[in-house]
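Data first, discussion second: the structure below is written as structure tokens.
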Amino acid sequence: MRESRMERPDGVSIYYKVWDDVSNPVGVLQIAHGMGEYIERYDPFARYLNRKGIIVYGNDHRGHGKTIGSTAELGSFGERNAWQKVVEDMQALSRLIRRNERNLPLVLLGHSMGSFLARTYIVKGQDSLEGVIIMGTGGKPGMIGKIGQMLIHREIRKHGWEDKSTQINKLVFGSNNKAIPNPKTSMDWLSRDEKQVELYIKDPYCGGQFDNGFYEDLLNGVLYVSNSKNLMTVPKALPLLLISGGEDPVGNRGKGVKQVEELLKSIGMKNVKTILYSGARHEILNEINRQEVFEDIFQWLSKIMSKQ
């Protein structure tokens with residue numbers, strides 16, 4: 001294992017980590033983590049893949065983890081309209097991987113916010129990938145999205161894009177626990193594993209408030225990848241795996257994931273596979289059935305990587 005930083009053209013220093021305890025590598029997985037977390041949380045999964053011959057890379061996005069200097073900087077991309085810069089950071093890491101791990105197939109995994117970033121990535125720069133795993137994603141936000149847009153624009157006009165609105169935070173996360181019987185914490189929607197939920201809550205680099213500009217970027221990103229016209233540049237033969245918990249509120253308990261599957265197939269994507277885990281919640285890599293999830297992902301990866 002090793003860690004380093006990428007210096008970006010706008011002066012931001014992006015932290016990334018590599019899990020490369022592999023004797024005879026068969027491929028590389030690049031991970032784009034979710035909102036309010038960081039790449040180190042994927043350590044058990046990365047170690048598992050190392051044992052299977054797969055090298056793992058991942059960076060902490062702007063406003064997250066070790067890319068920021070302190071927890072005071074959590075929850076902000078650093079400027080308004082930065083979504084594309086976050087995607088470009090991921091693409092820069094892909095180019096670095098290609099230089100370091102020549103001839104090895106490269107697959108991108110995006111979880112939650114990272115799933116929407118990954119979906120943007122394949123519109124903007126898909127040629128560098130042999131496959132994509134879209135985890136914990138959601139469909140078109142519909143009426144909630146319209147309400148969210150109005151609220152975000154109002155909050156930015158009144159308080160600025162750097163302000164952190166409790167109203168927006170409540171709109172985004174307030175109903176996530178609704179379908180969970182007798183929740184013990186506000187974050188039970190993440191996993192049925194109480195220990196993992198407790199670790200998340202106690203981690204100073206997880207959760208927190210996000211600024212108005214971040215939410216504007218996130219919603220714009222979700223809307224962008226939910227529009228079929230924007231997806232026409234994606235290679236139709238690119239292998240895609242949609243994988244989520246059947247009780248994940250981000251994916252509307254499976255309905256949103258199916259909506260994404262239908263959207264991708266409607267534009268002519270020929271190699272789309274969907275797995276929904278009954279009873280599982282948002283963080284399937286931290287769920288009580290995570291070993292099953294690890295193995296399913298590896299089986300899919302091994303098929304992709306063996307074809308190269």
Q: Just rank ILE54, ILE201, fewest to most, by other beta-carbon atoms within 10 angstrom.
A: ILE201, ILE54
Q. Within the chain, what percent of beta bridges assigned by DSSP are antiparallel, to the nearest 5?
A. 30
Q. Can you work out the FRET efficiency for the pair GLN84 and ILE288, with r the C-beta to C-beta distance and R0 = 45 Å, to the nearest 0.05?
A. 0.75
Q. Rounded to the nearest 500, what is the chain's calculated 222 nm mean residue ellipticity when only DSSP H runs of at least 4 contribute -39500 (n - 2.57) each, over all residues?
A. -12000 deg cm²/dmol
Q | Convex hull of the chain built on C-alpha atoms - directionally averaged projected area, nm² | A | 14.7
**Q.** Max mean-square fluctuation residue, GNM over the chain, Cα-Cα springs under 10 Å, options PRO105, PRO181, PRO239
**A.** PRO181
Q.
Can you give me the distance in nm between label points at LYS258 and GLN149, each placed 7 Å from the Cα along the Cα-to-Cβ direction?
A. 2.6
Q. Among the lysines, which fall within straight-line cross-link reach of LYS258, defined as a Cα-Cα distance under 25 Å, with same-chain neighbours fewer than 8 residues apart omitted?
A. LYS124, LYS140, LYS146, LYS178, LYS229, LYS236, LYS270, LYS273, LYS303
(Q) Restricting the calculation to Cα positions, tell me the Rg (one decimal) and the Dmax (whole number) of region 1-50 in Å. (A) 12.5, 37
(Q) Multiplying the sequence separation of ARG98 and ALA237 by 0.36 nm and subtracting their Cα-Cα distance, what value in nm do you get? (A) 48.0 nm
Q | Environment charge at LYS52 (Cβ cut-off 14 Å; Lys +1, Arg +1, Asp -1, Glu -1) | A | -1
Q: Just flag the trypsin sites (Lys or Arg not before Pro) in region 256-308 sitting in loop per DSSP whose Cβ has no more than 10 other Cβ atoms within 10 Å.
A: LYS307
Q.
Testing the spin-label approximation: label points 7 Å from Cα along Cα→Cβ at SER228 and ARG47. State their distance in nm.
A. 4.6
**Q.** Label point 7 Å beyond Cα of GLU73 along Cβ direction - residues of region 1-29 with amide nitrogen under 17 Å
**A.** 4-17
Q) Name the chymotrypsin sites (Phe, Trp or Tyr not before Pro) in region 214-308 that are in a loop by DSSP and that have at most 14 other C-beta atoms within 10 Å, would you? A) none
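None of the figures in this text is laboratory data; all of them are computed from the coordinates on show. Remember, predicted model here, so these are calculated numbers, not experimental data. Methodologically, a virtual Cβ is constructed for each residue, glycine included, from the backbone with ideal geometry; neighbour enumeration extends over all protein chains shown.
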